[in-house]
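Structure, as structure tokens:
The values are calculated or read from the model by the stated rules, or taken from the named source; none is laboratory data. Keep in mind that this is a model prediction, so the values were computed, not measured. Here Cβ is always computed from backbone atoms with ideal geometry, including for glycine, and neighbour counts include all displayed protein chains. Accessible surface is based on the protein model in full, side chains and every heavy atom, while ligands, DNA and RNA are left aside. Shrake-Rupley method; radii C 1.70, N 1.55, O 1.52, S 1.80 Å.
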Amino acid sequence: MSRKIEIINNWNLQNIFNELEAGNLKIPKFQRGYVWERSKIVKLLNSIYSQYPIGAFFIWNADKSYKHFCREIEDLDFPQNPNANFYSFILDGQQRITSLYVALRGKKLGRVDYSSICFNLDKKQFQIPRLTNEKHNIPAWKIFNTTEYGDVLTQYAIYDKENGTSYMHVWRECQQIFSDYPVCLIKSLEANLEEAITIFERINQGGKRLSLFDLVHASCWSTNFDMRESIKKFIGGKSMKSYGWIENEVFVQSLALNLHEDCTHAAQLKLTSIDCETYWNKTIKCIELALDFMRSFGVRNSSYVPYWAQIPIIQYYFFKSDLDSVKPDHFSLIERWFWTTIFSFRYSASSLTKMNEDARWISQLTKGNIEENFFPISLSSKELVKIRMNTSSVVKQGILCLMALKNPVDFDNGILVNLDKTEISRKNSKENHHLFPFALRTKFGVNSEIHCVLNFALIRSQLNNEIRAKFPADYLKIYSSTNQKIKEHLLTHFIDEACIRFMEQNDYKGFLHQRAENVLTEIRQKLKTIIIADDSNEIIESNVESDVDDEEMIEQEETNMKHELT
């Protein structure tokens, strides 16, 4: 039986650097980019100086047919072709190796200059000098630079003799430690791509695991097609300028549906570079049509998307039908499907299986089989009041879409609010405008509850700045005297006369419950079905995941206020 691994214990850091600079040691494409900050590198250098273990490096030896798997770091300008007859890919230890290299070679990546990391002879430790006049800080990159190392040694030989110090000894000892520091390499021999990825995932349990997109991207890469770059180009194009980002999974799931009528993990991993190259242009065209169509449901940009899973399904309609618009008799069916997927939490679990079910329904629809596809909902106004802006909630996204569909206007002057570039659903966004101002939350007898989604409005920043320190009763009185259509304008925000009465009394809780009833009425009309309203809290609470602590959001809001006031 042939050996599958080889352990090498007689290497040092200089050997590693030599292999990098010869183009022999490479980073595979499924590894993530270099992200370590200088403070973390300093800790790594101090660990080596203290002669602590920093872990082994796992290397995958692959032949030259895997050239397309190399992730090159342009700023480091390593040779693209190895001197050896194979590539040595770093499966585990890429960030440690790159960190040590940029620090001990004094490199710059992007805007970060790693040559600023120094070894302090007094403290006998690596650091980033805070004071420019601090003495005896030697740039770390001079350790392995023969000329510079010798110059420092000579300089401190003279200094020590004149001052009775021993800095030359400290510097020599530091260089000796780094030169002799043993590096352990574990090489995987004769492994194919699938085995290499399995090895990578198993040894990388403590770090961030590979996403499915990482694996698909790696397996679909060719000299003619790079999915990551193609997505980046599409999102950065003119047609997407005002829309924002799109999750990578949308593209992979869409391609899998279009090619295999299946978007499960297995189907996504079946994609090949030829498949992707052949179907890419049509798929992104269908995605563009889907995004444009979803505007009719209030999805003005990526910030409003309820489920990313909805985009592959809707683009599948355009792919299967070869149409540029949805047929009138299909519109209402897709509309009900859209809203019920949101308020039934359709994709909160087993999403790929359910996406396949909905894709089959879409396929039948394009063939003329007119059938409904909607899901049971249980929702009450009491549950809506519990939803806050600092949560990841699909119902929150649905409410924001409904708000956008009202074509809201500013209630001081009736001017239509431009929603195309807003990011209202983003936590702590400066575009999150409170109707009952955050600054007066204690006056209303609430604290974090002030961030209820029903206390937010899609209005311009200018209007928000005017009302942010005023009681609703006060600013309504001001605007009512100058705007005769204020009640009509407030209706574009789900604020009817009953809501206005609560605002005139500065009654926060009464306002929330009334506005919740108004939103719930709109949901019923969109669904054209009965919603069973009950007092159970299970649905909202079990499907809302907090991304930002209440304390954190309050602190951020206060910071935003101070920033804008200054």
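Let's see how each residue does on (1) within 24 Å of Met240 (Cα to Cα); (2) open to solvent by 10 Å² or more (accessible area, probe 1.4 Å):
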site	(1), (2)
Thr283	yes, no
Cys286	yes, no
Leu289	yes, yes
Gln315	yes, no
Asp322	yes, yes
Ser332	no, yes
Trp337	no, no
Thr341	no, no
Arg346	no, yes
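Is there a residue being more than 30 Å from Ala218 (Cα to Cα), open to solvent by 30 Å² or more (accessible area, probe 1.4 Å) and either at pLDDT below 90 or out of contact with any Lys or Arg (no Cβ under 6 Å at 6 or more places or on another chain) (or both) anywhere in the stretch 185-204? No, because not a single residue in the stretch 185-204 is more than 30 Å from Ala218 (Cα to Cα), open to solvent by 30 Å² or more (accessible area, probe 1.4 Å) and either at pLDDT below 90 or out of contact with any Lys or Arg (no Cβ under 6 Å at 6 or more places or on another chain) (or both). So, Trp308, is that one under 20 Å from the mean Cα position of the chain (by Cα) and on the phi < 0 side of the Ramachandran plot or not? Spelling it out, Trp308 is indeed under 20 Å from the mean Cα position of the chain (by Cα) and on the phi < 0 side of the Ramachandran plot. It is to be established whether one or more residues within the stretch 504-526 are over 18 Å from Met389 (Cβ atoms), aliphatic (A, V, I, L, M) and modelled with pLDDT of 55 or more. The answer is yes, given that some residue of the stretch 504-526 is over 18 Å from Met389 (Cβ atoms), aliphatic (A, V, I, L, M) and modelled with pLDDT of 55 or more. Of all positions in the stretch 386-393, none carries a residue that is at pLDDT 95 or above and touching a helix residue (DSSP H, G or I) at 6+ places or on another chain (Cβ under 8 Å).
Residues in the stretch 46-87 that are surrounded by fewer than 21 Cβ atoms within 10 Å (Cβ to Cβ), over 27 Å from Trp171 (Cα atoms) and hydroxyl-bearing (Ser, Thr, Tyr): 2 in all. Scanning the stretch 121-163 for residues that are open to solvent by less than 70 Å² (accessible area, probe 1.4 Å), farther than 16 Å from Gly106 by Cα and not hydrophobic (A, V, I, L, M, F, W, C) yields Glu134, His136, Gly150, Tyr156, Asp160.
Within the stretch 268-295, residues that are within 15 Å of Asp226 (Cβ to Cβ) have Cβ atoms under 7 Å from residues that are in a loop (DSSP other than H, G, I, E, B) and open to solvent by 20 Å² or more (accessible area, probe 1.4 Å) in these pairs: Ser273/Trp221; Glu277/Asn224, counting only partners at least 6 apart in sequence or on another chain. Restricting attention to the stretch 20-37 and to residues that are surrounded by fewer than 22 Cβ atoms within 10 Å (Cβ to Cβ), of a type in the set (D, E, K, R) and touching a strand residue (DSSP E or B) at 6+ places or on another chain (Cβ under 9 Å), the residue that is modelled with the lowest pLDDT turns out to be Lys29.
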